[in-house]
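Let me begin by presenting the structure, written as structure tokens, before commenting on it.
What follows is calculated from the coordinates using simple rules that are stated; it is not laboratory data. Source: prediction; values computed, not measured. Positions of Cβ are backbone-derived with ideal geometry, glycine not excepted, and every protein chain shown enters the neighbour counts.
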Amino acid sequence: MLYTVYNIDINYRGSFELVWEQCAEDVKSLKLLYVEISERDLISVLQKCSSLESLHLAGFSHMLMPGTFLENENDLAILGNSLKNVKNLQLSCSRYLTDSIFLRFTSVIGSLTNLSLSCCQISYQNAICKRFYPADGRVKASEHVLTFNFVLNFIDKIKKTLTMLDLGSTSLDSQSLSKLSKVPDLQLKTLRLVACDQLTKDGIHTLTQYQKQLVELDIGLCSRITDYAVISIADNLPNLKSLSVRRCHGITEVGMENLARLKSLEKLDISHLDVHRWESIHVALAKVQRPKMRWLSLILLQAICRSMVHLEVLLLNGCSAVSDIGLSGHGLGNREDPYKIALGSKAEKLIREEGEVKKYLKKNMSQIISSSECGLKNLPVNILKENSNLWNNKDPVNDEGVIQVSIHCPSLEEFFLSNCSNISDGAILVLSHRLRRLKALDVQKLRVQNLDIGIGFQNLKMVNFFGRIEIELES
């Protein structure tokens, strides 16, 4: 099970405590993102998670600011039993995280495989280390600052198991990255350095010299990265499967052409690059057959249509120059190309007709539902089946209409019923018995009294009860 709680106030008593008591032992992954919770309630929540393997805490500034987090040895003993199996730890956006707090928290966690400190205020300067760590050695862990040297010492302790590290949106520079890369026996598979503005080609070159086993590398939004960094990556990382150089404006056509040497790439993000001669993308991608490529983000279509017939994900964010002509395959040349859809074909006409129907339904669904002469229960079955994702926010929707939907649309996978105040527990209980394929359910601001009703859904992965709490379930 995976539970995500986002942007709410948690009080460990009442209905939340009852639900948590029932499911906590089965929770393997827990995310608490920007949650207002006291230290005592947090310990109570974590204490019950005996099977926890992944923990993500973000935005806990209010709890870390006093600097006394987990000072009580009894609390450390309690968490030592519940967090001993945690392999994935993410402490992103922890503004007041210090060396002493980091030491206490990691002391109750086993050998990590994944560690994320993205958006944390890590001090990389040696001058700061000298200021808070006097030469006499009386300070073991600073209570005022989180230093890279302290984090590096922790990484050295878990180097045998650590495979993923995220230091994105920090002040990581090339000198610090070189120290990290040279840690003996460290074998990173995934490294994410998004928006590290101080990072240059020298750091990337050292990284590729010592961490040749890298499979995933993200250096997007690193403004000082140039072609030399791309050349180093192409020279030394033959097993790289995922690469992101998004918004690295120092990369030109020379760097793009060197991407052709990365034969194992499956995912590539080269969006928002200042590349003026797009023939370089054709050299980098289209001239080499890449049957493993599954994910691509860029702003050129014709250069990739021929060689990436197995592409599954294509992002075209901000691609104002791309039109229907390019998306339909026009211009590929071979009219017998099986991957080409000719303009004006019967298939295109059918797609347009279906789009118009869906557009009409989406625009007028609320009026149809609220109509006095045609309620939700009286909608034609074919219209209901066309809308496998229903968004309802009108009071006229009641128990009878929802039950009719469950009878005629047993294949529904997503059902959004937010603000439908006339729906009761009974209707949701009927849904749990009839909609066996339901994966997402939104019942925020309903008159739902029993939170246990969600337990009856066999394949449910996301349920939204309160409007700002989202619980994801993943078997």
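Each label point is 7 Å from the Cα along the Cα-to-Cβ direction; what then is the distance between the points at Glu21 and Arg261, in nm?
Computed distance between label sites Glu21 and Arg261 equals 6.3 nm.
Along Cα→Cβ, 7 Å out, is where each label goes; now give me the distance between the ones at Arg352 and Leu314 in nm to one decimal.
2.0
Quick query: amide H of Leu314 versus all other amide H atoms, modeled in the peptide plane; which residues come in under 5 Å with a sequence gap of 5 or more or a different chain?
Leu296
Could you order peptides 218-225, 100-107 by the average number of other Cβ atoms within 10 Å of their residues, highest first?
The most tightly packed comes first, giving 218-225, 100-107.
Output ³J(HN,Hα) for region 256-270: one whole-Hz value per residue in order, computed from phi by the Karplus curve 6.51 cos²θ - 1.76 cosθ + 1.60 with θ = phi - 60°, and x for Gly and Pro.
Karplus-based 3J(HN,Hα) across region 256-270 equals 4, 5, 6, 5, 4, 7, 8, 6, 9, 4, 10, 9, 9, 10, 10 Hz.
Round to the nearest 0.05 the FRET efficiency obtained for Glu36 and Asn126 when R0 = 45 Å and r is the Cβ-Cβ distance.
0.75
Given a cut-off of 29 Å, name the pairs among Lys84/Lys140; Lys130/Lys179; Lys189/Lys439; Lys48/Lys267; Lys130/Lys241 whose C-alpha atoms lie farther apart than that in the structure shown.
Over 29 Å apart, Cα to Cα: Lys189/Lys439; Lys48/Lys267; Lys130/Lys241.
Please list, by residue number, everything in region 156-182 whose backbone N is under 20 Å from a paramagnetic label point 7 Å out along Cα→Cβ of Arg95.
Residues passing the 20 Å test: 168-172.
With each label point set 7 Å from Cα along the Cα-Cβ vector, what nm distance links Lys157 and Arg437?
5.0
How would you rank Glu39, Glu71, going from fewest to most other Cβ atoms within 10 Å of each one's own Cβ?
Exposure proxy ranking, most exposed first: Glu71, Glu39.
Under the Karplus relation 6.51 cos²θ - 1.76 cosθ + 1.60, θ = phi - 60°, what is the ordered set of whole-Hz ³J(HN,Hα) values for region 171-184, x standing for Gly and Pro?
So the Karplus estimates, Gly and Pro as x, are 8, 4, 10, 5, 5, 5, 5, 5, 4, 5, 5, 8, 4, x Hz.
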